[in-house]
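Chemist: Questions regarding the structure given below will be posed in turn.
Every read-out reported here was derived from the displayed coordinates using simple, explicitly stated rules and does not represent laboratory data. As the structure is a computational prediction, the values presented were derived from the model and not from experiment. Backbone-built Cβ (ideal geometry, glycine too); neighbour counts: all protein chains shown.
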Amino acid sequence: MNDIYIEWLVERKPNPMAGVIRVAAYILTVFFAATGFFIAFPLLILAAAMVVVDYIFLPKLNVEYEYLYMQRSLTIDSIFSKEKRKNAAEYDLDKMEIFAAEGADRLSEYKNRNLRTRDFSSGYPDRKRYVMIINSGKEMEKVILEPDERIVDAVKAVYPSKVINTSSVSSADSFPSRGSL
């Protein structure tokens, strides 16, 4: 069997406010619970609601992305607080138009298009990022990734004309970054 299977984990840059938000949420939960037990019983309902909010939303403050490349498809999972996993996206690479290092000349033809942007990178500006333009059904998507060389090489082996490894333009002329689309 000649199936290629590659996993790569990218840890998202921590939000500087995540710790403050987490501590504030826990303090509010304890405050409402203590106040509900000793002073105003209806505040226990608010404490229960805070427990649910803490359970659902606080893990999403710490995110990692796992890229799974397997023979012409790329699956991206979000892992929250190293505990919960959710499928974030699945891409059939046969529908890919280009897979290029951020800033590559060939990305300029997509610069003025209204593309839906999905960022599955770490958020660190010093890391090498790739942009994948793919037709995901009804619309074109710009997907920002930080794959390792094994994934880039595997995609290039199957789609050699669609993969551009090097950036050959200045940053002023490059494809718009996250916030500009």
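Chemist: Can you spot a residue in region 8-21 that is over 25 Å from ILE144 (Cβ atoms) and either in a helix (DSSP H, G or I) or not basic (Lys, Arg) (or both)?
Modeler: Checked against the condition, which is being over 25 Å from ILE144 (Cβ atoms) and either in a helix (DSSP H, G or I) or not basic (Lys, Arg) (or both), region 8-21 yields at least one hit.
Chemist: Checking VAL155 against (1) closer than 24 Å to PRO14 by Cα; (2) surrounded by 13 or more Cβ atoms within 10 Å (Cβ to Cβ), only one condition comes out false. Which one?
Modeler: (1)
Chemist: On to the next question. Restricting region 22-49 to residues that are buried (at least 16 other Cβ atoms within 10 Å of the Cβ) and of a type in the set (Gly, Ala, Ser), which is nearest to ASN62 (Cα to Cα)?
Modeler: Across region 22-49, the extreme among qualifying residues is ALA25.
Chemist: Answer with yes or no whether SER122 is of a type in the set (S, T, N, Q), in a helix (DSSP H, G or I) and surrounded by 12 or more Cβ atoms within 10 Å (Cβ to Cβ). Walk me through it before giving the result.
Modeler: Details: of a type in the set (S, T, N, Q): yes; in a helix (DSSP H, G or I): no; surrounded by 12 or more Cβ atoms within 10 Å (Cβ to Cβ): yes.
No, not satisfied.
Chemist: Against the definition (of a type in the set (D, E, K, R), under 17 Å from the mean Cα position of the chain (by Cα) and either surrounded by 16 or more Cβ atoms within 10 Å (Cβ to Cβ) or not in a helix (DSSP H, G or I) (or both)), how does GLU97 come out, yes or no?
Modeler: Values: of a type in the set (D, E, K, R): yes; under 17 Å from the mean Cα position of the chain (by Cα): no; either surrounded by 16 or more Cβ atoms within 10 Å (Cβ to Cβ) or not in a helix (DSSP H, G or I) (or both): yes.
No.
Chemist: Please go through (1) of a type outside the set (D, E, K, R); (2) more than 17 Å from the chain's Cα centre (by Cα); (3) surrounded by fewer than 19 Cβ atoms within 10 Å (Cβ to Cβ); (4) part of a loop (DSSP other than H, G, I, E, B) for GLY103 and return the number of the only condition it doesn't satisfy.
Modeler: Going through the list (1) of a type outside the set (D, E, K, R); (2) more than 17 Å from the chain's Cα centre (by Cα); (3) surrounded by fewer than 19 Cβ atoms within 10 Å (Cβ to Cβ); (4) part of a loop (DSSP other than H, G, I, E, B), GLY103 breaks only (3).
Chemist: Then there's this: Check region 69-90 and report whether any residue there is in a loop (DSSP other than H, G, I, E, B), among the hydroxyl-bearing types (Ser, Thr, Tyr) and within 21 Å of the chain's Cα centre (by Cα).
Modeler: Here is the first cut: in region 69-90, the residues in a loop (DSSP other than H, G, I, E, B) are 71-72, 81-83.
Within this subset, residues satisfying the condition of being among the hydroxyl-bearing types (Ser, Thr, Tyr) are 81.
The next check asks that each one be within 21 Å of the chain's Cα centre (by Cα); those that pass are 81.
Among the residues of region 69-90, at least one is in a loop (DSSP other than H, G, I, E, B), among the hydroxyl-bearing types (Ser, Thr, Tyr) and within 21 Å of the chain's Cα centre (by Cα), which makes the answer yes.
A quick yes/no check of all residues on (1) of a type outside the set (Lys, Arg); (2) more than 30 Å from ILE133 (Cα to Cα); (3) in contact with a Leu (Cβ under 7 Å, 6 or more places away or on another chain):
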| residue | (1), (2), (3) |
| --- | --- |
| PRO14 | yes, no, no |
| ALA40 | yes, yes, no |
| GLU83 | yes, yes, no |
| LYS95 | no, no, no |
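Chemist: Let me ask something else about it. Would you confirm whether any residue within region 61-78 is surrounded by 13 or more Cβ atoms within 10 Å (Cβ to Cβ), charged (D, E, K, R) and more than 27 Å from GLY19 (Cα to Cα)? Don't jump to the end; show me each part of the working.
Modeler: First pass over region 61-78, keeping only residues surrounded by 13 or more Cβ atoms within 10 Å (Cβ to Cβ): 61-70, 72, 74-78.
Now narrow it down to the ones that are charged (D, E, K, R): 64, 66, 72, 77.
Next cut, more than 27 Å from GLY19 (Cα to Cα) only: 72.
Within region 61-78, one or more residues are surrounded by 13 or more Cβ atoms within 10 Å (Cβ to Cβ), charged (D, E, K, R) and more than 27 Å from GLY19 (Cα to Cα).
Chemist: Only one of these is of a type outside the set (Gly, Ala, Ser), touching a residue at least 40 places away in the same chain (Cβ under 8 Å) and out of contact with any helix residue (DSSP H, G or I) (no Cβ under 7 Å at 6 or more places or on another chain): LYS13, LYS60. Name it.
Modeler: Details: LYS60 fails: touching a residue at least 40 places away in the same chain (Cβ under 8 Å).
Every option except LYS13 fails the conditions.
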